[in-house]
1. Residue by residue through segment 35-76, note down the ones that are closer than 17 Å to GLN16 by Cβ and small (Gly, Ala, Ser).
2. Does GLN76 satisfy the condition of being crowded, with 17+ Cβ neighbours inside 10 Å, in a helix (DSSP H, G or I) and out of contact with any His (no Cβ under 6 Å at 6 or more places or on another chain)?
3. Within segment 4-12, does at least one residue satisfy the condition of being without any contact (Cβ under 8 Å) to a residue 24 or more places away in the chain, surrounded by 13 or more Cβ atoms within 10 Å (Cβ to Cβ), assigned to a helix (DSSP H, G or I) and not β-branched (Val, Ile, Thr)?
4. Within the group GLN37, GLN24, which residue is in contact with an Asp or Glu (Cβ under 8 Å, 6 or more places away or on another chain), part of a helix (DSSP H, G or I) and not aliphatic (A, V, I, L, M)?
5. Tell me which of these VAL56 doesn't satisfy, since it passes every other one: (1) within 15 Å of GLN79 (Cα to Cα); (2) touching a residue at least 40 places away in the same chain (Cβ under 8 Å).
6. I'm told LEU25 meets every condition in (1) at pLDDT below 95; (2) under 18 Å from LEU73 (Cα atoms); (3) loosely packed, with under 13 Cβ neighbours inside 10 Å except one. Can you identify the failing condition by its number?
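The values are calculated or read from the model by the stated rules, or taken from the named source; none is laboratory data. Since the model is a prediction, treat every value here as computed from it, not as a measurement. Every residue, glycine among them, receives a Cβ derived from its backbone with ideal geometry; neighbour counts consider all protein chains shown.
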Amino acid sequence: MTTRKSMEDFLYQCQQTVEFAQEQLIDGSKQGYFHDQEYREAQQRLEDQYNELMAVYRSANAVQRDRLHRMRLQIQSLQNEMTLLDHH
């Protein structure tokens, strides 16, 4: 079981990653390839965060798993949007 504080810290970190990626998605849709480096970095950060989330999920209790599941869906949705955007 993950402690409440560490879970809150982890979910905050996930949210920060999601917000960064959302900014890059918006910029990427407006400016195309001009921010390619930042766009790829955002995609990589989402992937890393997803992998870490899955590791945390395995040691979480039922309530924590519910919160992690919702965050996972948010991350995956954003990953899909970023992949589908014709960024090049």
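1. Residue satisfying the conditions is ALA42 alone.
2. Judged against the criteria, GLN76 is not a match.
3. So far as segment 4-12 goes, no, none of its residues is without any contact (Cβ under 8 Å) to a residue 24 or more places away in the chain, surrounded by 13 or more Cβ atoms within 10 Å (Cβ to Cβ), assigned to a helix (DSSP H, G or I) and not β-branched (Val, Ile, Thr).
4. The match here is GLN24.
5. (1)
6. Condition not satisfied by LEU25: (3).
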